[in-house]
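All remarks here apply to the structure that follows.
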Amino acid sequence: MEETQITPSLSVRSWSSISTQDQSSISTQDQSSTAGQASSTGPQPSKPSVIPPPVKSKGPSSGAGVRRMRRIIAEDAEWSVAIVPLLTELCIQHIVKNFQNNPILKQLPQSIRKKVLNHLSPDLPLAVTANLIEDENYWRRCCTQRWPVCHVDEHGGSWKRMFFELHLENLLKHFIPSTTDPEVILNLLPLCRNYVHTIRVDQFLPPVQLPPPLRGGDQSDSGSEGEMEEPATDHYQLGDLVAGLSHLEELDLVYGVKDCGMNFEWNLFLFTYRDCHSLAAAVKACHTLKIFRLTRSKVDDDKARILICSLLDHAALEELDLSHNLIGDRGARAAAKLLGHSRLRVLNLANNQVRAPGAQSLAHALAHNSDLVSLNLRLNCIEDEGGQALAHALQTNKCLTTLHLGGNELSEPTATLLSQVLSINTTLTSINLSCNRIGPDGGKQLLEGMSDNKTLLEFDLRLSDIAQESEYLIGQALCANREAARQRALSPSHFMSPATAKGPENPAG
Amino acid sequence: MNPPGSLGVLEEKEEEHLATPVLGPSIHSDNPQERIQARRLRIAARLEARRREALGEYLDGKESEEDQSKSYKQKEESRLKLAKLLLCGTELVTNIQVAADIREIHRRVEEEEIKRQRLEKLENEVKTSQDKFEEITMKWEEGKQKRIPQELWEMLNAQQVHCAGLIEDKNKLISELQQELKAKDDQYVKDLKKQSGDICLLLERMEEQVKNVMKTFRQELQHIEKAFEVEREELLTNNKKKWEQALQAHNAKELEYLMNRIKKVEDHEKQLNKQRIWDCEEYNTIKIKLEQDVQILEQQLQQMKATYQLNQEKLEYNFQVLKKRDEESTVIKSQQKRKINCLHDVLNNLRSKYNKQVKQFQEENQSLTSDYKRLVMQFKEMQKAMRHFALIDDKQFREIWLMNEEEVKDLISRAFDVDRIIHTHHLGLPWTAPDFWFLKNVGPISQQQQKSATQILEEVLMEAEEEGAEEAASEPESYLDLPKQVSAKTTRKILMLLCDESGFLVERKLLSLLLPLDKSECYLLKLDAIFSALGIESEDDLYKLVNFFLKYQAHHSPPSQINPWHLSPLQERTSLVSPLEKLDPQGEKEGSLVDREPQEKQPPPSPQLIHPNDVLKILEAFVTGLRKPRDFRAPVKLLKVVRDDSKDSAYWKALTTVIPATTLNLWDALYTALEKYHLVLTQRAELLIENSSLERQNTELQQLLQQYLDSKINSELQVPPTEVFRVPTK
């Protein structure tokens, strides 16, 4: 609306300025005609330079009457008022140019704001843009300019959030303690505190020790005298950052170094006690944290206990992932204790060193738990004792849906107990028993158990020495179950399952 | 990667199919109401789908599949196929991971075993080397004791050999371990290569899978689309067929209608022609008739014209006349106007006069009303005086009456005495005193005049008013004889209470009429109505009522309130209620009243002790009690209207005729007889007197004779006289 109001007056003004050069007055009729023309050609991209009136019109204007001259101007095909840029365009350009010094956005009307945002450069300092601009398009441009691959879905579908999360991640990845100024990150904190929900960092650089690399280039083999350097290999302390982020929900950390190449040293991958303590304190202080992942970081029992102790009775925590670490039975026991003292829904201890006692304590906690949905103990060594304990726990548990026991040296006794569980339990939907030595008899028993089960949808029994026939039959039963589950999800419980019906839309879209 | 996701995709696809026909409101609309509607529609659609499924589709799938047409079948088929594909693909991809896992496990197991062996070996080595070392150290001790350098040298050599052996062992071990390490390194490199190969394979497979899946998805999509297209074509052809059929039918019908219409049109045309001919004929006849009529009318017109001219002339003449009259009338009008003005003046005068007079009359009226009020006051006073005088008159009358009666009674008693004497003495008959009613009568014959309840009411109220006016002046000789034992005040209060509490007995009409009236009048009329409703008619009834109230209150009030005063009127009443008291002379009663007056004045007014709520109960009790004795009393009341003189004369006449006529006759006869008797007696008396005188003369003479005889002369005499005659016997 405003544009249409502005354009006629603008055109009139420019027109009159031109016509005064021609020493002629303009009748209203011509004004209106030219105005109409201007408004019709208004949206054309305006050029900054003002084109002088054509030469042709000058000749007759001197000799002929005013009227004729005007007619000639009107008929001049090359002449166009639209070439003159609109004042709004000029203003917008100015605003865009000086946005860094004088950010005006909120005061602008909606349509103009959009134009300004379209023209803003993605290189503007974050201090100006962070809290001022909400427009997703702008942030999208920022993201695509910096990173070639952008998965906005992994950041809640918000480009702005994605930008800040990736930016922060970048900074953290390349932060070198005691050389990089910590203010770099802390300065960003007030800008990004409202937008960062997730921190995913898969490398933490250790402090640079200039003398050892210089000298120790040759001595790299013997350079692993940890005791001396241990205090010096602490990584960035997340405490301040985590405390500053008010919406932090996910923390995904790997204490390690990527792409070290031939500079490999063991102490590059050290997760020190100080790191552990500071991380524990940070996690404890963050009340919004829902997902905590600490993988591939050489977390042993003691460190795991320190971390888990700080997570006891955490209000929001839902997922704990400590996979690919060195956690043994004591750490597993601590995790079992955590099950009783939090509302954990997902627990991942894959590829650790949990053995039968740890599994037994986990099973004991599981028997009385009503929150845990998924338990992953892949590539541990819980053996039959642990497996049996877990199976017993599943006879009373009513909420676990996913259980991964792949590669745990389980054998027939566990299978017998699990088959009993299968006939009773109605919540489990997915079990993974791959890479175990269940044997053909165990397979038969599992098949018996499956025949009574109507809820299990996935049952992975690959490479577990089961007779092909029983595996095939189990597969058939699973198919039937899946079909039934699909029918159930489609028809009877619509009132319960709008979420499940909607669920697939998001990944598909 | 995961089958549920792909299933979800399919579901979503189906959902889309389901959703497409609903082109109504969208869930993502900006309008909240539209969103709500969209959700509702969605829910309805789901419900519908569910119901359908519940009805049949789910139960007998075959039929439904046939019903569901090709597209549905195709959809199901491709869904199953795709699910299978996805499942297989994921399995294929994850197989690598699983294989790696199991390799890792095997490696771990082996590693453990090797580690254990190594440890064992190391421990053995440590033990043996320790033994050797100890041996060597033992020998050092031995060496210290050796004194011969030859031996010492030998021993040292041996020691050196031993140490070298020890070191060699250790070195061997170290080299072994290093070899192992090297092998492990090689193994590690191999593993790395293997793993990278695995990852490559994984990637390959994933890519392949993705491609595969995409391809199949596309294929299936095409299949489904094709199926839909086929189905649509079928539908189209079907519909086209139907449409054509319908069109043909429609055309046939149209044709039929057209034929019908043509036929009808022809019929109508025929009819129209007939009609037209008929109309023409009729038109001609009518035309002829009308022409004739026109001729007649023309003649008439001529006539009318003539008359018109005549009339015109007449009217002109009339017009002239009227003009003149008009002039006259204008003159008259002006005159009349003048007259009207005059009359207006007069009217105004009269009006002012009238106003004056109205004022005068108002003043007069006011003065008259004041006069009237005064007169009313006077009248009331007069009435009071009259009552007073009536009372006095009554008294006087009674006194006079009593006096006369006494006289009469005296006379009667004398008459009775006489009669009795006559009867007993004269007639020798037993006398019985005549027993007449009037003989026992004392005082005026008119019985105590029974006042009606209303009158008493009026009096009570009047008295109350008066008392209100002059409270101090207690009238000792209250002409009201009602409060024998109850003061007028008490009665009044009870009555007021009754009036207030039993308003329901009064008719509504009456109440509306009563509104403008005075308070006391209002009370009076209300009470009248209430009494008539209750059946209280006579004075006695009223007293009974009042007494009943008091009694009731006395019985039902708590004992603390029954003070001596409460009891005393009761006692008094019991003594006073006797009929004798009622007939007592006025004076005595007055006295008693006077005596009682101060007693009653002292205690507080009792009716306040009667709770208004009790009034109805009391009334109920009273009415039930009153019913029984009332019935036969009613006729008596009618006789006692005014004091009648008729009986007086009869009374007095009766008094005169105490002695009946027969006795009078008797008396008359007796009288005459007695008179005669008297006469005889008088004669006899005279005779007796004569007799006595004669006797006396006789005696005197005898005496004289005696004397003479006795006298000496006689003796002297020759012949005494005595001898001559005999002396009379005395």
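Numbers at a glance
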| quantity | calculated |
| --- | --- |
| Criterion violated by A:Glu412 - all others in (1) farther than 14 Å from A:Leu377 by Cα; (2) surrounded by 22 or more Cβ atoms within 10 Å (Cβ to Cβ) satisfied | (2) |
| Filtered residue count, segment A:459-482, keeping only those that are out of contact with any Leu (no Cβ under 7 Å at 6 or more places or on another chain) and surrounded by 14 or more Cβ atoms within 10 Å (Cβ to Cβ) | 8 |
| Residue within segment A:184-193 that is part of a loop (DSSP other than H, G, I, E, B) and more than 22 Å from A:Thr288 (Cα to Cα) present | no |
| Search result, residues across segment B:142-168 that are among the acidic types (Asp, Glu) and farther than 13 Å from B:Lys132 by Cβ | B:Glu142, B:Glu151, B:Glu154 |
| Number of positions in segment A:452-495 that are more than 9 Å from chain B (Cβ to nearest Cβ), of a type in the set (A, V, I, L, M, F, W, C) and part of a loop (DSSP other than H, G, I, E, B) | 4 |
| Selected residue (only one of A:Leu405, A:Leu428 is at pLDDT 90 or above, away from every other protein chain (no Cβ under 14 Å), under 29 Å from B:Val93 (Cα atoms) and within 31 Å of the chain's Cα centre (by Cα)) | A:Leu428 |
| Breaking point among (1) within 30 Å of A:Leu478 (Cα to Cα); (2) within 13 Å of another protein chain (Cβ to nearest Cβ); (3) exposed (fewer than 13 other Cβ atoms within 10 Å of the Cβ), for B:Ala83 | (3) |
| Test: residue in segment A:228-248 that is at pLDDT 85 or above, out of contact with any helix residue (DSSP H, G or I) (no Cβ under 8 Å at 6 or more places or on another chain) and outside any helix (DSSP H, G or I) | yes |
| Yes/no for A:Leu400 being more than 12 Å from every other protein chain (Cβ to nearest Cβ), of a type outside the set (Val, Ile, Thr), free of Cβ contacts under 8 Å to residues at least 60 places away in the same chain and assigned to a loop (DSSP other than H, G, I, E, B) | yes |
| Number of the exception - B:Gly535 against (1) on the phi < 0 side of the Ramachandran plot; (2) at pLDDT 65 or above | (1) |
| Condition check for A:Ala281: touching a residue at least 24 places away in the same chain (Cβ under 8 Å) and either under 26 Å from A:Gln360 (Cα atoms) or of a type outside the set (Gly, Ala, Ser) (or both) | no |
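Each row is one residue, and each column tells you yes or no for (1) polar (S, T, N, Q); (2) under 30 Å from A:Ser464 (Cα atoms); (3) more than 60 Å from the chain's Cα centre (by Cα); (4) more than 11 Å from every other protein chain (Cβ to nearest Cβ).
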| site | (1), (2), (3), (4) |
| --- | --- |
| B:Lys73 | no, no, yes, yes |
| B:Leu87 | no, yes, yes, no |
| B:Asn95 | yes, yes, yes, no |
| B:Asp101 | no, yes, yes, no |
| B:His106 | no, yes, yes, no |
| B:Leu119 | no, no, yes, yes |
| B:Asn124 | yes, no, yes, yes |
| B:Lys139 | no, no, yes, yes |
| B:Ile148 | no, no, yes, yes |
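The values are calculated or read from the model by the stated rules, or taken from the named source; none is laboratory data. Keep in mind that this is a model prediction, so the values were computed, not measured. Neighbour counts are summed over all protein chains in view; Cβ atoms, including those assigned to glycine, are modelled from backbone coordinates with ideal geometry.
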